[in-house]
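Contents: one structure, followed by commentary.
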Amino acid sequence: MGKNVFLDEMELKRLVTQGRLLSEYEQPIYQKVIAGRSGLTLLDVGCNNGWKTKERFCDKDFKKVIGIECLKPLVEQAKEKLEDEVFSFYTCDITEEDFTKKLRQIMQNEDVPAFDVIHCSFVLMHTDKPEVILKRLREFLAPEGKLIVIEADDAQSALSPDKDGLFKKMLEVLSVDPYAGKRNMGEELPRLLSNSGYADIKSECTKVCSSGMEKQKKEDIFEVYCSYLPEDLSLLGKQNGTYKSEWEWVQKNFDKLYQQMTDEATKISMGFRICTCGGGNDV
């Protein structure tokens with residue numbers, strides 16, 4: 001399965017919901033980063049099929065936005081539907097050894113000497129060497145540039161009331177699902193950024209919250225954080241009997257978990273951390 005999980009139609013639909021859900025938390029931070037500036041250049045790392053890149057950064061203050069993505073079919077979709085004089089998309093894998101060389105070539109083609117903003121959303125949690133990636137990106141920040149990083153942080157996730165501990169168990173299942181990535185990456189971000197040489201590190205946001213009769217928002221939270229579990233564990237169970245108990249639990253409790261998480265009596269928070277930082281004195 002590997003990286004191809006992100007080509008799945010259900011996963012692309014989930015990412016649309018994720019964009020809608022997180023927008024109210026992301027946009028104020030984006031606006032703060034670009035406030036009072038114009039003619040900006042931006043790199044979006046892990047741009048998927050480009051639609052979130054264009055939706056997030058379709059702003060008059062950007063003169064050039066470059067999206068990079070490791071999956072060529074997604075880049076081809078972005079090129080066909082979204083490229084224009086501002087937005088460009090390229091196949092480029094930040095985990096590969098030749099990443100720096102490839103990105104410098106892209107920047108030369110686009111006449112971009114450095115990036116005023118680098119945006120990296122839910123990428124580090126799917127890699128083995130996040131500090132290596134952060135150090136690579138730091139090379140490409142302009143002297144006054146800002147890095148924006150967004151990652152899951154299940155240490156901030158909670159549900160009240162949590163009848164029968166279903167939500168707590170769901171977080172445990174998520175933590176062992178390799179397709180879900182490293183669920184504590186957001187908690188580690190400040191340390192990783194500091195170790196990678198960044199400065200002025202700020203934790204801007206730590207969770208998405210919903211309570212009372214916010215039915216649609218609760219459904220969005222469930223789709224973004226839980227909807228993929230049955231498919232993931234079905235595949236994992238077929239490949240490796242190690243996940244049999246998790247698969248059986250999901251089969252038995254998935255509908256009950258949905259009812260509990262979307263009930264108007266519940267209060268829910270799902271952790272995701274947004275950090276901003278500068279590149280330090282030697283960038």
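The values are calculated or read from the model by the stated rules, or taken from the named source; none is laboratory data. Everything numeric here is computed off the predicted structure, so don't read it as measured data. Cβ atoms come from the backbone with ideal geometry, glycine included; neighbour counts cover every protein chain shown. Heads up: the accessible areas ignore ligands, DNA and RNA and are worked out on the full protein's heavy atoms, side chains in. Shrake-Rupley method; radii C 1.70, N 1.55, O 1.52, S 1.80 Å.
Structure notes:
- Between Q27 and D164, the C-beta separation translates, for a Förster distance of 35 Å, into a calculated FRET efficiency of about 0.45.
- Neighbour-limited loop hits for GluC sites (Glu not before Pro), segment 45-152 (at most 16 other Cβ within 10 Å; DSSP other than H, G, I, E, B): E83, E85, E96, E97, E139
- Loop-located trypsin sites (Lys or Arg not before Pro) in segment 6-55 (DSSP state not H, G, I, E or B) with no more than 15 neighbouring Cβ atoms inside 10 Å: R37.
- Among complete DSSP H helices in the chain, those whose alpha-carbon atoms stretch at least 24 Å along the helix's long axis and whose mean Kyte-Doolittle hydropathy reaches -1.0 are 9-34.
- Exceeding the 26 Å Cα-Cα cut-off - candidates K168/K218; K81/K146; K215/K256: K81/K146
- The label point for Q259 and the one for N184, both projected 7 Å from the Cα toward the Cβ, are 3.4 nm apart.
- Sorting 152-161, 167-176 by their mean Cβ neighbour count within 10 Å, with the most densely packed peptide first, gives 152-161, 167-176.
- For D153, distant residues with modelled amide H under 5 Å away: G186, G271, F272, R273
- Once both labels are positioned 7 Å from their Cα atoms along Cα-to-Cβ, the gap between N109 and D128 label points is 2.8 nm.
- The local environment of K169, defined by Cβ-Cβ distances under 10 Å, has a net charge of -3 under the rule Lys, Arg +1 and Asp, Glu -1.
- For the listed residue pairs K32/K182; K217/K267; K72/K182; K32/K101; K101/K129; K163/K267, the alpha carbons are over 21 angstrom apart in K32/K182; K72/K182; K32/K101.
- For the residues H126, H119, a 1.4 Å probe over the protein chains yields an accessible-area ranking, largest first, of H126, H119.
- For the set T206, T95, T266, solvent exposure ranked by accessible area (probe 1.4 Å, protein chains only) runs largest to smallest as T95, T206, T266.
- Kirkwood Rh, Cα atoms: Rg over Rh of segment 31-94: 0.98
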